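Here is the structure we will look at, set down as structure tokens.
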């Protein structure tokens, strides 16, 4: 039954944490897990680099450690470190769900505000705004401005104003 790739990586990680060398773990992957030699080398070097980066070593230090191993070119070392750093990197923050609600309110207020100026030209007015009588144009202007501000703020990365 073919073994899951994650199992190979976990096996390599466990053996490296047990104090085995990269060469020993590579040989174990080949002998005990039946992994082809080149794939075993790749697995062990990726796991080794990930562990060293998690221990707090700088990328340049990890590259130097990889270069000290047999059969690792500078390009391979650079590629391994870049790949591992990318996989360990924190994901970009996602805009909070409130951004959509804020945008919805902003559009609603903007429509009410602009509509309060346009509808009287056709002899109509929103019932809610009509209750304010002579103050309706000022209220409409305020709603339009507030709606525009909410829409702009909701479109910012992160969905909240800067601090």
Identify the single condition in (1) closer than 30 Å to residue 51 by Cα; (2) modelled with pLDDT under 80; (3) in a helix (DSSP H, G or I) that residue 93 does not satisfy, given that it satisfies every other one. (3)
Within segment 62-71, tally of residues that are part of a helix (DSSP H, G or I) and surrounded by 14 or more Cβ atoms within 10 Å (Cβ to Cβ): 4
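The values are calculated or read from the model by the stated rules, or taken from the named source; none is laboratory data. As the structure is a computational prediction, the values presented were derived from the model and not from experiment. Neighbour counts are summed over all protein chains in view; Cβ atoms, including those assigned to glycine, are modelled from backbone coordinates with ideal geometry.
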